[in-house]
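The values are calculated or read from the model by the stated rules, or taken from the named source; none is laboratory data. Every value quoted in this text rests on a predicted model; they were computed, and no experiment measured them. Glycine gets a Cβ as well: all are built from the backbone with ideal geometry, and neighbour counts include every protein chain shown.
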Amino acid sequence: MFNGFYYLFQNIKKYPKATLLFFLLFLVGAVFIVQKITFNEDITRIIPKNNIDKNTTQIVSEMSFTDKVSVIFKKKNKATNEDITHAAQTFVDTLPLAKNYYQSIQGIVDEDLFQQSFAFVYRNLPLYLNENDYQIIDSKLNTDSISVQSQRNVELLTGGNANFMKDIVVNDPLQISFLALKKLQQFQGSNDYTFKDGFLFSKNDEKIVLFINPKFGGSETKHNEIFVNQLNDIKRIVEKSNPNIEVMYFGSPFIAVANAQQIKHDIFTTVVISVSALMLMLIFYYRNIWVPIIVMIPSIFGGLFGLACLYFLRSEISAISLSIAAILIGITIDYALHFLTHSKSNQNTQQLFKDVTKPLLMSSTTTAIAFLCLLFVHSDALVDLGIFASISVVATAVFTLIILPHIYKGKAIKHSHIIDKVAQYPFEKNKVLISVTLLLVIISAFTYHKVTFDGNLAKINFMPKDQEAAEKELYHDQEIAKNLFVVAYDTNERNVLQTNNAIYEKLQSMDLVDHVQSVSSLIPSEINQQKAIKRWQQFWNTEKTNQTIQTIENQSVKNGFVENTHAAFYKALQKNYQTISLDTLKRLNPQIYHEFVHGKKQHLLSTIVTLKPENRDAFVANFNKEFKNKNALVIDRQALNEQYLGYLVNDFNDLVTYSFIAVFGILFLFYRRIELVITAAIPIALTGFITTGIMGLLNIPFNIFSTIVCTLVFGHGIDFTIFMTSALQKQYTDGKNEMPIYRTSIILAVLTTILAIGALVFAQHPALKSIASIALIGVSVAVLVTFVLYPLLFQFLFFNRVKKGLSPVTLWLVIQSVIMFTYYIFASLLVSIFMRCFFWILPLPRQKKWKLFSKIMSVYMKSVLSLKPSVSKKVIHKERFNQQSVIISNHTSFLDSLTIGMAHPYIVYIVNDWVYKSPVFGRAVKFLGFYPATKGVEKGLTPLEERIGTDFSVMIFPEGTRSTTTEIGRFHKGAFFMAEELNLPIQPVYIHGNADLLPKNDFIIYDAPCHVYVGEPIALTDDRFGSNYSERTKKISAFFKAEYSKIRLQAEDENYFKQKLFLNFLYKEGNILQMVKTDFKKHKTIYHRLFTLISDKAQIAHITSNFGQVDFLLANQFPTRKITTFNINLENRSIANASYIVRKFNVKYTDVIDDIWKKADVAVLSHLNEFNTEIPSHIHQIITVCCTFSENFNGFKEIIHEGQLKMYQRIETN
């Protein structure tokens, strides 16, 4: 991996000018592309667009919600109604300056609109009259009333509003239309305001309120910013000409623009502060003014590359997503700092690339994958963030490896810095820190589930002070009202009008509702229209019509009107009225039509319901109950957004799962070992777990922005873990402790993150401010877990086994061993209970019971060993167990007793106290008459003789304890004394493989054979082994060891130690394991020949350049060999010296070549290309393995030449 970047580094050095030109062109091109990006500053783009259900989603998508701007004119300094009216009129006259950004204005009496409305109502008069209206009309029809109204009509036509009232008086002398026009007042405002002097006044006459209908929604900040600026210009004009009047605006366009501007300002402020502080810190640490600029270069290039890619992938980019991404600098700068930290301690460029390439690419890739999982969240802003962040972090890591080696030369920092001193401290050994971290884990187990999600957007929305003041004025002396939208929907216009009419009538009767605006007041349902027309016809019967016309005509002429002045009204009374449709409304007033009529695939009619916020839930419940299973829906825009945000919680849970799976996959791709992946995943998971627990403890809720920040915290946790894994794996590989270097990188990264996030304290936008607390908690937890718990975990899983002289293991081996031991424990308990229960119940003689239960025990022991099918189980010459005897065997494993029991059931064991007193199988062995060795052989002869009778043999391990290797220890005399006293032959049994299957002090069951070789019985009369038990002890011991060596040489082929050899190099960094595998596959036959060519007690002087695989095989073949090795490759020497065989076998690595010759009698030279060292005179044998130099050993002659294996024997001289 690192070779590719090193090769690129060398080529760039060859062609620096071409490379510089390329990067300049890239920089210019990226800047050019970035300038063309369209930014969407709508903060609501961060709200996920999940499907609540298909129908609701479709309806919401087809609704066109209007975001009106309220214009408030307020009196000050004893202003009069004339002053405030003049100011409002000035505003209305000046507003056309912004005509491109608004559709209409409400709150004024528009003569043209009034005439249009009057004409519309007049043409459809019956549709807008109710029974109360007919009662009023009926009261107007008597002669006196008509006479009075006729006189008023004269006054209207001779007054100041004659032109305005002329058509109304002529066409409607009784002013019946005004009864219908009252139905339109709901579209001009609430009951808290009344029309006066052509404007909408508050009840106390202190304010005038107008409503502007913008062309663009509140989220279209680009257009609204211009609109807001123009409105502010108009405000200044109005206030300048009307100094006693204050003008205020309130509306979503102003809030949206303020949010966008505040975000831009906060980003600029926080970035400047954080970058400045960061530069000072880096200058202070490196004592180099150029370092801050150098570390920023990869982040700049990475960010530009990410933006350029985003430009081609997205039509427009969310500004809020980039504002959150601004704190990515806390992650991306880590890569440069990691590189610089290693540069100052490593002058070898190739080694530098080897050290930093993998962790940088791993960190960036895993973080990128975590961010890419944001694509699964149904939020445009989060998708933008995911794409930009994932591309940027990877690009930054790549640019770090490409650019920094050429502009920063790794000079060691000579001064001692406080950061370096802190990095030197072994945090994992501090008991207080360990206790605190573990306490946090325990506390988090009880508090993590208490974390809630706060979906209230108002808390993370920036509300400027002028908007707060305007809102108070708008709702002065009253509670701020809440608007809901009730939507009727259907594909048939007739049906939707019918549903909407039913909704309108129901809403008018509900006490919870303060105000209703419905299109049904203008376009009733067809059925209601027909009823209204029929009611009109019933009221205006022929007699009443003629009488009314005659009375009006008489009184009008009497008061000076020309005959038939009101002919149009007479025709209206006798007109044949027709029903009207939604298209009628569209022709009358497109503004009202588009405000209340929506839909493309179906008809949607919205009704605006105004109520108190506390009545919202009760209203929704009542409405849903009333209109259940009907085509009606309540839409609360705020609640809908909060519901969408609620779905973000589910998305976030899925995101955590996806991210963890993705990161798990990437870690596996790099590490190639599930054990390392799981180990690295634990601190990552703990970071999230403890962070959530602390939030629950401190009652800090998630919101949509802090949820996103968790991705950044997750990225930091990944980076810190990967850096620390690199340090620990490197130490595990060669034994060198480079953790201080990696700690320095992490500390610098933490400081940069704290500076970046800490600068958010200066932000005014609540969304950005909400990020700080969780990010700081998360990063602090990440570094605590990485510095304290993770090294302890890694040491426990990997280092501790090596320190104890135990082989590294795989997860599969652990699982198999746990299953096997679990079965062993439970089976032992069951067998023990079974024997205890049935021993006294069975009506059999004691001897037969013992034989039965011994057989059961043998089957049980065999079943335990059979749990691992890969273990070869054999008993050779089992027929030799044909007589009572004292069985002796080598003892290297916990499994030895089970193995003997598998081979022969009728045995009484001489056991140690821990077996006799075991809570698992102690009772069973007592029932079976096993004898504790601590009681002494002499005292136990009599009961033992009674116990074995004529059917059982005695089993004893003459070594007395298990050996840690295949080496057989000294035999004690007890077994041979017992055989002599009991007059029984000695039965040697050779157990082969158990020392490698389950070594002493280990709990892992490896893949090794479990073979039992039953030797020839040795009679007490056999003179070859002496005449008494003392002589027999010594001679049988020597005989046993010799026979066992023959068995080993015969049974252990060239692949016998393959698993153990590969396990030894399993978790080493780089491709060491692969190289060892390749070498073993190629030379395993040669290595196996060393088994027979070198004595089992040889003292070997070994010179090599390999990773220690030859030493490993030499030591495992015969643990009695003593090996002193000088590795000419310093790095490989360290790798070999870090092996567990140094602690288990007689293997020593020296830094001085002369040390290997002391007491040595055999020289082994392996994997050498040259050799110029003089061989000492006491070396009598030289073996060369896989060497390419020309051998010329003076005083030696070649006696074996088998391919790459040669053996030389010293020529003896007289």
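Observations on the structure shown:
- Search result, residues across region 268-300 that are buried (at least 22 other Cβ atoms within 10 Å of the Cβ) and under 30 Å from GLU225 (Cβ atoms): THR270, SER274, SER299
- Restricting region 1144-1159 to residues that are in a helix (DSSP H, G or I) and in contact (Cβ under 8 Å) with a residue 24 or more places away in the chain, the residue that is farthest from LYS1122 (Cα to Cα): ILE1153
- Where VAL663 falls short, out of the listed (1) within 28 Å of LEU340 (Cα to Cα); (2) modelled with pLDDT of 80 or more; (3) assigned to a helix (DSSP H, G or I): (2)
- Note on region 797-916: enclosed helices (runs of 4 or more DSSP H) holding 2 or more residues that are on the phi < 0 side of the Ramachandran plot and charged (D, E, K, R) are 800-803, 846-865.
- Selection count, region 486-521, where residues are touching a residue at least 40 places away in the same chain (Cβ under 8 Å) and assigned to a loop (DSSP other than H, G, I, E, B): 4
- Of the criteria (1) under 21 Å from TYR134 (Cα atoms); (2) of a type in the set (D, E, K, R); (3) buried (at least 19 other Cβ atoms within 10 Å of the Cβ), which one LYS571 fails: (3)
- Matching residues, region 1031-1044, being small (Gly, Ala, Ser) and loosely packed, with under 15 Cβ neighbours inside 10 Å: ALA1038, ALA1042
- Counted residues, region 106-132 - those being in a helix (DSSP H, G or I), modelled with pLDDT of 85 or more and crowded, with 19+ Cβ neighbours inside 10 Å: 3
- Unmet requirement for ASP1151, which otherwise passes all of (1) more than 22 Å from LEU1063 (Cα to Cα); (2) in contact with a helix residue (DSSP H, G or I) (Cβ under 8 Å, 6 or more places away or on another chain); (3) buried (at least 20 other Cβ atoms within 10 Å of the Cβ); (4) not hydroxyl-bearing (Ser, Thr, Tyr): (3)
- Screening the candidates TYR1067, TYR1044, TYR1013, TYR990 for the property of being hydroxyl-bearing (Ser, Thr, Tyr) and in a loop (DSSP other than H, G, I, E, B) yields one hit, TYR1067.
- Within region 730-744, residues that are over 15 Å from ARG801 (Cα atoms) reach partners that are part of a loop (DSSP other than H, G, I, E, B) and not basic (Lys, Arg) with beta carbons closer than 7 Å, at six or more positions or on different chains, in the pairs LYS730/GLU738; LYS730/GLU1069; ASP734/ALA1138; ILE741/SER345.
- Entirely in region 545-604, the helices (runs of 4 or more DSSP H) that have 1 or more residues that are in contact (Cβ under 8 Å) with a residue 60 or more places away in the chain, over 60 Å from the mean Cα position of the chain (by Cα) and closer than 17 Å to LEU127 by Cβ: 567-573
- Scan region 909-940 for residues that are surrounded by fewer than 19 Cβ atoms within 10 Å (Cβ to Cβ) and at pLDDT 80 or above and the total you get is 0.
- When THR1085 is tested against the conditions (1) of a type in the set (S, T, N, Q); (2) touching an Asp or Glu at 6+ places or on another chain (Cβ under 6 Å); (3) more than 30 Å from SER726 (Cα to Cα); (4) buried (at least 16 other Cβ atoms within 10 Å of the Cβ), the lone failure is (4).
- Residues that are more than 15 Å from the chain's Cα centre (by Cα) and outside any helix (DSSP H, G or I) within region 349-385 comprise HIS378, SER379, listed in sequence order.
- Residue among GLN175, GLN135 that alone is at pLDDT below 85 and either out of contact with any strand residue (DSSP E or B) (no Cβ under 9 Å at 6 or more places or on another chain) or among the polar types (S, T, N, Q) (or both): GLN175
- Across region 200-234, the qualifying residues are those that are in contact (Cβ under 8 Å) with a residue 60 or more places away in the chain and of a type in the set (D, E, K, R), and the one among them that is surrounded by the most Cβ atoms within 10 Å (Cβ to Cβ) is LYS207.
- Region 616-660, residues that are part of a helix (DSSP H, G or I), at pLDDT 65 or above, surrounded by 17 or more Cβ atoms within 10 Å (Cβ to Cβ) and not aliphatic (A, V, I, L, M): ARG616, PHE619, PHE623, TYR658, SER659, PHE660
Per-residue answers, yes or no, for (1) farther than 26 Å from THR964 by Cβ; (2) loosely packed, with under 12 Cβ neighbours inside 10 Å; (3) free of Cβ contacts under 8 Å to residues at least 60 places away in the same chain:
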| site | (1), (2), (3) |
| --- | --- |
| ASN1172 | yes, yes, yes |
| HIS1180 | yes, no, yes |
| CYS1186 | yes, no, no |
| ILE1199 | yes, yes, yes |
| ILE1211 | yes, yes, yes |
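Rundown of residues vs (1) crowded, with 22+ Cβ neighbours inside 10 Å; (2) within 23 Å of HIS1088 (Cα to Cα), yes/no style:
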| residue | (1), (2) |
| --- | --- |
| PHE1112 | yes, yes |
| PHE1145 | yes, yes |
| LEU1165 | yes, yes |
| LEU1168 | no, yes |
| SER1190 | no, no |
| TYR1208 | yes, yes |
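- Residue that is nearest to VAL1152 (Cα to Cα) [pool: residues in region 1099-1117 that are small (Gly, Ala, Ser) and in a loop (DSSP other than H, G, I, E, B)]: SER1105
- Complete set of residues in region 372-387 that are modelled with pLDDT of 75 or more and either in contact with a strand residue (DSSP E or B) (Cβ under 8 Å, 6 or more places away or on another chain) or among the charged types (D, E, K, R) (or both): ASP384, LEU385
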